[in-house]
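The values are calculated or read from the model by the stated rules, or taken from the named source; none is laboratory data. Quick caveat: nothing in here was measured; it's all calculated off a predicted structure. A quick note on method: Cβ atoms are made from the backbone with ideal geometry, for glycine too, and the neighbour counts reach across all protein chains shown. Ligands, DNA and RNA are stripped out before the accessible areas are found, and what is left, the full protein with its side chains, is counted by its heavy atoms. Shrake-Rupley method; radii C 1.70, N 1.55, O 1.52, S 1.80 Å.
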Amino acid sequence: MQKLTTPEKILRAAHKLFDREGADAVSMRRVAELVGITPMAIYRHFPNREALLKRLSDDSFNTVAHEWEARSTHPDILKRLLALLEPYLDYALAHPHLFDHAFSTRRDDARRFPEDFRARQSPTLNVVADAVAEGMRLGVLKRDDPWDVAMTLWAHSHGLIALYRAGRFSYDETQFRTFYLESLWRLIDGIRH
């Protein structure tokens with residue numbers, strides 16, 4: 001087993017705190033205690049708390065993006081789109097604090113639609129937009145702007161998750177997952193050619 005570097009230990013400890021208790025729990029002092037270093041030692045690797053939180057957020061995006069990429073090979077474009085949006089729900093339910101910080105909290109460094117997304121700066125939405133564009137090229141999906149359609153799918157997915165997490169559904173997690181996938185399927189069916 002490879003020994004972790006100090007920055008890796010810091011990230012792992014911060015991730016654990018964040019995942020369990022949210023962004024407010026991630027202080028340099030608490031992270032340092034978990035790692036066994038002084039709080040000042042963290043600043044050699046991360047210039048401030050915001051940089052540490054940004055790195056955690058970036059790692060969250062990359063985790064979801066890797067899962068989406070792994071599911072981006074299904075030959076049926078319609079099923080692929082549905083499969084791409086399921087890991088988003090999985091991540092939201094398994095890591096609510098990290099999910100909120102990455103996808104729901106206003107941040108000055110967050111990517112903005114449309115310019116940042118069209119410039120392919122989103123590791124997550126790139127995968128969906130590519131599948132949408134391929135579906136349009138193959139005549140499976142109606143011709144439209146692939147980025148606008150990808151954002152529509154993401155907004156629908158995110159909105160359902162936000163409503164569920166806010167207690168607006170009486171469903172348990174299994175029932176909600178079924179509703180979520182059926183609802184996304186209705187939307188995908190509506191853009192079919």
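Numerical summary
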item: Protein accessible area in the chain, 1.4 Å probe - carbon and sulfur %; result: 51
item: P(r) weight above 18 Å for region 44-193, C-alpha pairs, percent; result: 59
item: Gaussian network model of the chain, Cα within-10 Å springs - most flexible of Thr124, Thr174, Thr63; result: Thr174
item: Region 1-135, relative contact order [Cα under 8 Å, separation at least 6], %; result: 25
item: Straight-distance crosslink candidates among lysines, where the alpha carbon sits under 30 Å from Lys54 and sequence neighbours closer than 8 are dropped; result: Lys3, Lys9, Lys16
item: For region 145-187: rounded, prolate or oblate by the Cα gyration tensor [a/c cutoff 1.5]; result: oblate
item: Surface accessible to a 1.4 Å probe, per residue, for the residues of region 1-131, Å²; result: 54
item: When region 3-104 is reduced to its Cα atoms, the Kirkwood hydrodynamic radius in Å; result: 14.7
item: Residue with peak Gaussian network fluctuation, the chain [Cα springs, cutoff 10 Å], from Phe179, Phe18, Phe99; result: Phe179
item: Tensor-based shape of region 95-167 (alpha-carbon gyration tensor, a/c under 1.5 rounded, otherwise prolate or oblate); result: oblate
item: Cβ-derived FRET efficiency at R0 35 Å, Phe61 paired with Asp172, nearest 0.05; result: 0.80
item: Reachable lysines, given that their alpha-carbon falls under 20 Å from the alpha-carbon of Lys142 and they are not under 8 places away in the same chain; result: Lys79
